[in-house]
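Here's the structure, in structure tokens; my notes come after.
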Amino acid sequence: MKRLDILVQEAADLFNKGKKSEAESLLLNELKENDLPLLRTRLASFRLMSGNPEGVMEIITPLLQEDNFEVCIMATRALIELGRTEDAGLYLDKLVKLVDRTLAASRGSFSRVEKELPALVMNLAGTLGQHRRVLDLYKRRPGFASDWLVRYYAAVSAFNLGRYKQAALHWSAIGHMPEALSMQHVAVLAERGTVPPFIMEYAPLSPEVVTNLLEELADGVDVKGLDSGIVRMALLCMVLDEDIDDETIFDALSLLVRGGGEWGIALGLGLMESSVVGKSVKSITAAVLIKAGVWEFPTSCE
């Protein structure tokens, strides 16, 4: 390996061990002698992962005029974190053009990095709230429909736009992701008006998220961040899962109904009025609504 490659790897090893300041110092010292794009992008990536978006913009400023995927991606992410969404959108526009040009030149023979670009761009557009653009990007890349993450982001964007049937179709097409089938069920209930609208973040509903929520529910701990769409979706998937025990469903529904404000109450009432929700879930929902003070006495689930 070249000396520079060894140094960058050494810095990465230090960073991964939690020695973040030492990793930065190693690259900063080298940067004083050799002002190379590689050093700046590696430093920027460390700062991005450390939650230092100002530092990211500081270190990549000399590279912002270049046609560089990594620089555009980090600039967009850093500016989003800084709340500078309009500026972030400008770099996203540039990134989209770079991706279009690169994928067109590849003529169907994509490298590993190139295969990841469509999902990455969709994620950034969705994070900026550009839901229609996410769907447009999906439609322009039919060759990437087999990528489950691309399909997942298309489902999220459709869901956020209120196109619930479309979202359900996308989630049903992701065969290897068990959570996707539960999310399809939620989308169907949203189409029926049972589940009130809410906005999901552009992040996969991973088994880890579900497991952590189950553990917190078992401990009787209120889950923070109920305003998070991904948390609402995870809890809804639990409620609709026939393999989940009644106690866990009660805890999940309690968080959704009692912690969700007007949205939560509308959800509880919607479940009670639904013709497709099972009697068991309706009975639990009734108990939650009574405990929340929405009802003063039990109401028939028929």
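The values are calculated or read from the model by the stated rules, or taken from the named source; none is laboratory data. Quick caveat: nothing in here was measured; it's all calculated off a predicted structure. Here Cβ is always computed from backbone atoms with ideal geometry, including for glycine, and neighbour counts include all displayed protein chains.
Numbers below:
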read-out: Subset of segment 1-25 (residues that are of a type in the set (A, V, I, L, M) and farther than 24 Å from residue 64 by Cβ); value: 1, 6, 7, 14
read-out: Residue ID - nearest to residue 191 (Cα to Cα), chosen from residues in segment 135-157 that are part of a helix (DSSP H, G or I) and without any contact (Cβ under 8 Å) to a residue 24 or more places away in the chain; value: 151
read-out: Residues located in segment 104-126, provided they are surrounded by 19 or more Cβ atoms within 10 Å (Cβ to Cβ) and β-branched (Val, Ile, Thr); value: 121
read-out: Scope segment 143-166; condition more than 19 Å from residue 124 (Cα to Cα) and not aromatic (Phe, Trp, Tyr); matching residues; value: 143, 146, 162, 163, 165, 166
read-out: Pair list, Cβ < 9 Å and 6+ apart or interchain, from segment 123-134 residues that are at positive phi to residues that are in a helix (DSSP H, G or I) and polar (S, T, N, Q); value: 129/85; 129/160
read-out: Those helices (runs of 4 or more DSSP H) lying entirely in segment 188-298 with at least 1 residues modelled with pLDDT of 90 or more; value: 229-239, 246-259, 261-273, 279-291
read-out: Neighbours by Cβ (under 7 Å, 6+ apart or cross-chain): first from segment 263-285, more than 20 Å from residue 199 (Cβ to Cβ); second among the aromatic types (Phe, Trp, Tyr); value: 284/250
read-out: Residue list for segment 75-103, restricted to those being buried (at least 19 other Cβ atoms within 10 Å of the Cβ) and touching a Pro at 6+ places or on another chain (Cβ under 9 Å); value: 77, 78, 79, 80, 99, 103
read-out: Residue that is surrounded by the most Cβ atoms within 10 Å (Cβ to Cβ) [pool: residues in segment 178-213 that are within 16 Å of the chain's Cα centre (by Cα) and within 25 Å of residue 275 (Cα to Cα)]; value: 183
read-out: Odd one out for residue 60 among (1) modelled with pLDDT under 95; (2) under 23 Å from residue 96 (Cα atoms); (3) of a type in the set (Val, Ile, Thr); value: (1)
